[in-house]
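*Asks:* The structure under discussion is supplied below as C-alpha cells; questions concerning it will follow.
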Amino acid sequence: MNDLVLRAGVPDARAGGPVAEVTPERAGWGYSGLLVHEIAPGGRLDVELAADEAVVVPLRGSLRIDVTDPGGQRHDLRLAGRPGVFAGPADTAYLPVGSTVTLRPDGVDGADARVAVATARAGRVLPVQVLRARQVPVDLRGAGRASRQVHNYTIGSGVEVDRILVCEVLTPGGNWSSYPPHKHDAHSDTPGHEERELEEIYYFEVADGPAGPGLAYHRVYGTADRPIDVAAEVRTGDTVLVPHGYHGPSAAAPGYDLYYLNVMAGPADDGTWLSVDDPAHHWVRETWETEPVDPRLPLGPTTDLTEEST
C-alpha cells in the first residue's frame, strides 16, 4: 500500500514548486484531488479548472486571486492568510468548474506563500464564493486525549458546493485524532447508519520541535471483503490517500502539534459528510461524556466555536 502514502516534495519556498499533487488519475479514483504549492515572492501559480471545482486554502501567507469564471466574468479576490496552519482559520475561496485562476502572494514585499488547492470533479457550475476566517465554523471534537479542533470550510459553513468537502483538523501533541476509526465508502440512508461514499485525502503538517521537524502517525485499515493496510509515519508535506476502509487514528506524537487538511468527494452531490465508526471502537465515544476537552484548545484565534462529541 505504499502507493497510498505520498511523500512531500521539498521545494525552496523562495523558488516555489509543488509540495503535494494528487489528481483522480494519480489516485486511481473518480473525484478528489489536491495541489499544495509554494509560490515564490513575486511569483504566480496558474490553475485551469477544466473539469473540477476547487477550494483555495492559504496555508501560509495571504493570496491575491484572479479568476475568470465560466461565464467570462473576472473576479479579483484577496484572501487574508496566516503565518502558519496552527494560527487559526484562514479566508478561503470556492471556485467553480470551468474557471481560469492565477494565484499570487499578497503580503509585504518579499513575501512568499504556501497554498492548498483542493479539487473535485464537478458537473454543476456554481458562483464564486469567499468564506472569511471569522465566518468559519470551528468545532472542538472529542475529549481528553482524543480532543481536536476542526475548521469546517465547506461542511456546514453555508458555502454551496457540487461535491467537494473540505475541512482542516488541529490536534495537540500527544492526542489522537480521526478517532474512533471511521469509514465512508458506501451509500446508506438507514437511520443510525447513514453513510456517504467519499474518497479522502489527508495532507499533513507537523509542528517543529526545538531540535527540528516533528512527526506523527496515520492508520488506514479495511475489511475482509475490501482489505487495505496503511500504518505510516508522516511529516510536513506528506499525503495519505484513503480510497476506502476505516481510517484513524491520526496520532500526534507528544511534543508536536499535528495539522491535516481533509479533501473529500464522491458520487453523491448532496454536500453531506456521513460516516460510521468501526463497531469495535464506537464505545469510546461514551467515555467522553465525563472527560473535559483538552485545555490547550482552541489553537489560534477563533470566533464561531462549538463543542461536539463526533
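The values are calculated or read from the model by the stated rules, or taken from the named source; none is laboratory data. Just so it is clear, the structure is predicted and the values come from calculations on it, not from any experiment. Note: ideal-geometry Cβ built from the backbone for every residue, glycine included; neighbour counts use all protein chains shown. For accessibility, only protein heavy atoms count, side chains too; no ligands or nucleic acids. Shrake-Rupley method; radii C 1.70, N 1.55, O 1.52, S 1.80 Å.
Conditions (1) in contact with a Phe, Trp or Tyr (Cβ under 6 Å, 6 or more places away or on another chain); (2) open to solvent by 10 Å² or more (accessible area, probe 1.4 Å); (3) part of a helix (DSSP H, G or I), marked per residue:
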position: Glu25; (1), (2), (3): no, yes, yes
position: Asp46; (1), (2), (3): no, yes, no
position: Gly71; (1), (2), (3): no, yes, no
position: Gly88; (1), (2), (3): no, no, no
position: Leu103; (1), (2), (3): no, no, no
position: Val130; (1), (2), (3): no, yes, no
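*Asks:* Let me ask you something else. Residues of region 240-292 being open to solvent by less than 20 Å² (accessible area, probe 1.4 Å) and either of a type in the set (S, T, N, Q) or on the phi > 0 side of the Ramachandran plot (or both), which ones?
*Replies:* Result: Gly245, Gly248, Ser250, Asn262.
*Asks:* On to the next question. Is it fair to say Asp189 is charged (D, E, K, R), surrounded by fewer than 22 Cβ atoms within 10 Å (Cβ to Cβ) and without any contact (Cβ under 8 Å) to a residue 12 or more places away in the chain?
*Replies:* The answer is yes for Asp189.
*Asks:* Would you please name the residue that is surrounded by the most Cβ atoms within 10 Å (Cβ to Cβ), looking only at residues in region 73-86 that are over 30 Å from Gly209 (Cα atoms) and either more than 22 Å from the chain's Cα centre (by Cα) or in contact (Cβ under 8 Å) with a residue 40 or more places away in the chain (or both)?
*Replies:* Going through the qualifying residues, I end up with Leu77.
*Asks:* Ok, one more. Does Ala54 satisfy the condition of being farther than 22 Å from Ile228 by Cβ, of a type in the set (Gly, Ala, Ser), in contact with a Phe, Trp or Tyr (Cβ under 8 Å, 6 or more places away or on another chain) and part of a strand (DSSP E or B)?
*Replies:* So Ala54 fits the description; yes.
*Asks:* So, one more: Restricting to region 128-155, give me the number of residues that are more than 19 Å from Tyr179 (Cα to Cα) and either hydroxyl-bearing (Ser, Thr, Tyr) or in contact (Cβ under 8 Å) with a residue 40 or more places away in the chain (or both).
*Replies:* 11
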